[in-house]
Amino acid sequence: MKNRLLNNLLSLVLLFFTLFIFTLNPLIVFAGPDGSGNNFFYKGPMAFAYLKPGKFITEQAFDYQSFNSKFNDNGSVTHLSYDVAKYVYAPQFIGTFKLLGLDNYIEAIVPFGKAVMSTKFNHSRGGLDDPELYYGIYVYHYDGSGLTANFLPQLSITFPYGNWNNSSLVNIGGDEWQFQPALTGIFGIRVAAGQKIILNYALGYSINKGHPNVNYSAIGDEGFSYTNPGNNFFTDAFLNYVILNKFDIYDEISYSKQSDNYGYYIDASGNAVFGYLNGGYQDFIEGLGLTYHYDKSLSFDARALRDIKGENAPEGEYGEFDAVYDFK
């Protein structure tokens, strides 16, 4: 009875925390520069932990974003006269298996969403967001003597199947191929009975294959381009403090840096040509989150983040809630 009351109390704490996150009032809002917010946006603090072969896990992510800025045709940030709200449901499926003596990891994300203009409600668009596929191999794992570590290099691919239309003022997805090789993993240390400090990290490079449709539509009358063409370096890290193996309180910080931005632009003859756009951008995003491990199979995660510094990059806030189920 005591344990049940404690679990109910913890559930209420999680509920109030989640409601707090989703009632945040966006100020200057987030528009998702490539490399910091898109692919690894759906990665929670448990994303890079070691999973034994033969595991199947599903993670159900619910995301809300609101933004009032875009990347224009030359890759620079332009503030809009309206807000765009984006609602996304992103079911994720993770499996692990043994192959050639190595532990393999594969994850698929098939997001669905809707984007709505706040001042022009007749302009909205919903449907399939760009699907994402991750594949990784655990090349190192250690767990003992109060230390935990693993190393999981992986590659993610984003497929351009979002519900994109050049004539629409708002769209779902970026409608471009994206490849992200990344070095990921964790390092943890036990500080007391039932208490751990764990660093989850990702370090990689984002290769974004922009195309004329994405950039050209951003040139039109208030057309909206969700992604910024160009390749960039990125990092994403979660610093977790684990309490009694029930709660993870964590701080997340990500950084992306684009040196030179190449993409499509309209030349003097009115043709879309590929070439140099500008000197790129850099962006820092930071926020707090909480994970509640209800039991060994079910966990809940909620977080709120915001841009803390950027150069030629949108600034703002977003929140996410996840339910993770491990089929034991």
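Here is how the numbers come out for the structure above:
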| item | result |
| --- | --- |
| Unique residue being surrounded by fewer than 16 Cβ atoms within 10 Å (Cβ to Cβ) and either at pLDDT below 85 or in a strand (DSSP E or B) (or both) when the list is D248, D236, D221 | D221 |
| Top-ranked residue in segment 192-216 [being hydroxyl-bearing (S, T, Y) and within 24 Å of the chain's Cα centre (by Cα); ranked as modelled with the lowest pLDDT] | S206 |
| In segment 276-315, the residues that are assigned to a strand (DSSP E or B), surrounded by fewer than 14 Cβ atoms within 10 Å (Cβ to Cβ) and modelled with pLDDT of 75 or more | Y276, L298, I308 |
| Segment 167-183, residues that are touching a helix residue (DSSP H, G or I) at 6+ places or on another chain (Cβ under 9 Å) and in a strand (DSSP E or B) | Q178, Q180, A182 |
| Selection within segment 132-167 - farther than 17 Å from A202 by Cα and either acidic (D, E) or surrounded by fewer than 18 Cβ atoms within 10 Å (Cβ to Cβ) (or both) | Y142, D143, G144, S145, G146, L147, F159, P160, Y161, N165, N166, S167 |
| Residues of segment 158-191 satisfying the condition of being at pLDDT 80 or above and either among the aromatic types (F, W, Y) or at positive phi (or both) | F159, Y161, W177, F179, G185, F187 |
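The values are calculated or read from the model by the stated rules, or taken from the named source; none is laboratory data. If you're wondering where the values come from, they're calculated on a predicted model, not measured in any experiment. Backbone-built Cβ (ideal geometry, glycine too); neighbour counts: all protein chains shown.
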